[in-house]
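Written below as C-alpha cells is the structure these notes are about.
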Amino acid sequence: MVQWERITQQLEHILGAEFRIGRMTLAEWNRLADERTGLTANSRIADHRLHFALAKEGGHMVTASVDEPLLTASEARLVDLTLDAYRSQDKRGGSHAHSEDERKSHLIRTWIGQQLEQGVTDAELPEPLASNFALYAPKIPLLVYGDYSDQRKASYQDLKKLLESFFDGEIALVPLLDKEWLVLGPESLLQEAGEGDEETVEDMLASIGHALHEMLATEWVGECHIAVDYPLLPSKALLASVVRLRETMTLGRTYHMSDNIHMTWKLQLEKLLHGLGEEQRQLFLERVLKRVDLLKDSETLMTLEQFIALDCSVSETAKKLFIHRNTLLYRLDKFKQETGLDVRTFHHALLVHVALLLYKVTKRT
C-alpha cells in the first residue's frame with residue numbers, strides 16, 4: 001500500500017497544517033456524502049475536521065484529516081489532487097518503492113495541474129516545493145514527449161538515470177502526463193559550450209536539444225519530441241515555462257511534423273497563425289495562391305519548402321535537392337506563371353511561406 005504517513009508529512013511541510021491518519025466507517029463516510037459536507041468530492045467534514053479519503057479497508061475508510069479552518073478551498077483541491085495520484089497508483093498495484101525525488105516531483109506536478117485548471121499561468125512555486133529540488137538557481141527547461149505505445153511504460157528512475165548521465169549532473173524531472181516529462185537541466189551546460197565559441201544562446205540550446213533527442217531515441221523507449229525554452233529561474237517562472245513549452249510542442253508538431261526538436265524562438269510566426277479559423281486559412285490560400293491544388297504535387301511542395309528554408313538561395317537549394325540550378329529556376333518560373341508569385345522576391349516569398357504553413361494545417365482538417 002502507498003505509504004500515506006510520508007505523503008501526509010510532505011503535505012504538512014507544504015501547507016503548514018498538521019494532518020492525522022484515522023479511520024471512519026463507510027456508513028458514516030457515505031452519510032456525510034449525502035449531506036454534502038467537504039470541500040472536494042473525496043473529502044468530508046466531521047467534528048470540525050476535513051477528512052480526505054486515502055483507501056478502503058474492510059468496512060472503513062482510511063482518511064487523512066486536518067482542522068477545517070486551516071485549509072482554503074484551493075488548498076483542499078491541491079491535497080485532493082495529490083492524494084488522487086497516489087490512490088490511482090495503489091489501485092494499479094504499484095508495489096515498487098518510489099524514490100523520494102519521485103514523490104516530490106508528483107507534488108510539483110499536482111501543483112502545476114491545479115494552477116492550470118484554475119486558469120493561472122504565471123504563479124510562483126510555493127517555497128516548500130521550490131526547496132524540494134533547489135529550484136532557486138537558473139535551469140534549462142525542456143519538455144519531452146515520448147511517441148511510444150500505450151502498452152509501454154517509461155520508468156521515472158530509468159529516465160532520470162539517463163538524463164543525469166547525459167547532463168553529467170543533478171537534474172529535476174517532473175512527469176506531467178503519461179508521456180510528457182518536464183526536464184530541468186543545469187545552466188552550466190551553456191557556459192561550458194560557450195567557452196571560446198561565438199555560438200549564440202539559441203545555437204547552444206538547439207545543440208542540447210538535438211543531442212538529447214539522439215540519446216533518448218537510442219537509449220530510451222524510441223522516438224520522442226523535445227521542446228526547448230530559454231533558461232529560467234524555476235522558483236519564479238516554472239509554470240509560465242510549462243505553458244510556453246506545451247504551446248511550442250503543439251505548434252512544432254502541427255506546422256513542422258518532420259521535426260523532432262521544437263524551439264520557442266523559432267515558432268513566432270506559427271504562433272500568430274495558429275489562431276486563425278479554418279475559413280480564414282482557406283480564404284488566404286485561395287486569394288494568395290489562386291491554385292491551391294499546386295501544393296498537392298510533392299515536387300512543387302518540396303521545392304518551395306526547401307527554397308524558403310534555405311533563405312531563397314538558388315545554389316544552396318539546388319544542392320539540397322540534388323538538381324541542376326537551371327532545373328530549380330525552371331520550377332520556380334513555372335510556379336510564378338501558375339500563381340503570379342515570384343518566390344525570389346522577399347514579399348512573395350513571405351506570402352508563400354505563410355501559405356505553406358497554413359496549408360499544412362488545412363489539409364489535415
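With unit charges on the beta carbon (Lys/Arg positive, Asp/Glu negative), name the residue among Ile21, Gln9, His60 whose Cα is farthest towards the positive pole of the charge dipole of region 1-92. My answer, from the dipole projection, is His60.
Computed over region 210-365, the Cα gyration tensor eigenvalues convert (square root of 5λ each) into semi-axes of 32, 20, 14 Å, ordered from largest to smallest.
The mean sequence distance of close C-alpha pairs (under 8 Å, at least 6 residues apart), as a share of the length of the chain, puts its relative contact order at 12 percent. Quick check on region 215-303: take the gyration tensor over C-alpha atoms, sort the square-rooted eigenvalues as a ≥ b ≥ c, and tell me if it's rounded (a/c under 1.5), prolate or oblate. Cα axes put region 215-303 in the oblate bin. The simple Förster model, with R0 at 25 Å and r as the Cβ-Cβ distance, assigns Ile308 and His274 a FRET efficiency of 0.85.
Straight Cα distances below 30 angstrom link Lys290 to the lysines Lys266, Lys271, Lys319, Lys320, Lys334, Lys336, Lys360, Lys363, with same-chain residues fewer than 8 positions distant left out. Counting only Cα atoms, region 1-92 measures 32, 32, 18 Å along its principal axes, largest extent leading. Residue separation of Asp178 and Glu316 scaled by 0.36 nm, minus their Cα-Cα distance, works out to 45.5 nm of gained length.
Using the Cα centre as the reference, give the magnitude of the dipole from point charges on the C-beta atoms of region 96-270 (Lys, Arg: +1; Asp, Glu: -1; all else neutral), rounded to the nearest 20 debye.
Computed charge dipole of region 96-270: roughly 720 debye.
By how many degrees, 0 to 90 and rounded to 10, does the Cα axis of helix 73-91 deviate from the longest principal axis of the chain? That works out to roughly 90 degrees. Per residue, the convex hull spanned by the Cα atoms of the chain measures out at 174 cubic angstrom.
Report summary: the helix-based calculation at 222 nm, which adds -39500 (n - 2.57) for every DSSP H run with n ≥ 4 and divides by the residues of the chain, gives -17000 deg cm²/dmol. A Förster radius of 41 Å combined with the Cβ-Cβ distance from Val201 to Ile323 puts the calculated FRET efficiency at roughly 0.70. Taking a straight line from the alpha carbon of Lys56, these lysines sit under 17 Å away, with near neighbours fewer than eight places off in the same chain left out: Lys91.
Measure off, as a whole percent, the carbon and sulfur share of the 1.4 Å-probe accessible area of the chain, all protein chains present.
The C+S portion of the solvent-accessible surface of the chain is 49 percent.
Please report the relative contact order for region 96-270, taking Cα pairs under 8 Å with a sequence separation of at least 6, and give it as a percent rounded to a whole number. With pairs under 8 Å counted, the relative contact order is 30 percent.
R0 = 56 Å: FRET efficiency of Thr37 with Asp259, Cβ-based, nearest 0.05?
E(calc), rounded to 0.05, equals 0.60.
Taking a ≥ b ≥ c as the square roots of the Cα gyration tensor eigenvalues, with a/c under 1.5 meaning rounded and otherwise prolate when a/b beats b/c, else oblate, which class fits region 96-270? Since a/c stays below 1.5, the shape of region 96-270 is classed as rounded.
Suppose accessible area is computed on protein heavy atoms with a 1.4 Å probe; arrange Asp229, Asp101, Asp67 from highest to lowest. Mind showing how you got there, number by number?
Values: Asp229 5, Asp101 45, Asp67 70 Å².
Largest to smallest exposure gives the sequence Asp67, Asp101, Asp229.
What chymotrypsin sites (Phe, Trp or Tyr not before Pro) does region 126-157 have in DSSP loop regions with at most 11 other beta carbons within 10 Å? Write down the numbers at each step before the final one.
On the way: sites: Phe133, Tyr136, Tyr145, Tyr148, Tyr156; in loops: Phe133, Tyr136, Tyr148.
Qualifying residues, ordered by number: none.
If every alpha-carbon in region 276-363 counts as one equal scatterer, what log10 I(q)/I(0) does Debye give at q = 0.14, 0.20 1/Å? After summing over all Cα pairs, the log10 values are -0.45, -0.89. For region 263-325, a simple Cβ point-charge model (Lys and Arg +1, Asp and Glu -1, everything else neutral) yields a dipole of about 160 debye relative to the Cα centre.
Average accessible surface for region 144-266: 47 Å² per residue, computed with a 1.4 Å probe over protein heavy atoms with every protein chain in place.
In plain terms, the chain is cut at each of the GluC sites (Glu not before Pro) found in a DSSP loop with at most 16 other Cβ atoms within 10 Å, and the longest leftover piece is 224-365. Projecting label points 7 angstrom from Cα along Cα→Cβ for Ser131 and His48 puts them 2.9 nm apart.
The values are calculated or read from the model by the stated rules, or taken from the named source; none is laboratory data. Please read all numbers here as calculations on a predicted model, not as lab measurements. Cβ atoms come from the backbone with ideal geometry, glycine included; neighbour counts cover every protein chain shown. For the accessible areas, the whole protein counts, side chains as well, though only heavy atoms, and no ligand, DNA or RNA atoms are used. Shrake-Rupley method; radii C 1.70, N 1.55, O 1.52, S 1.80 Å.
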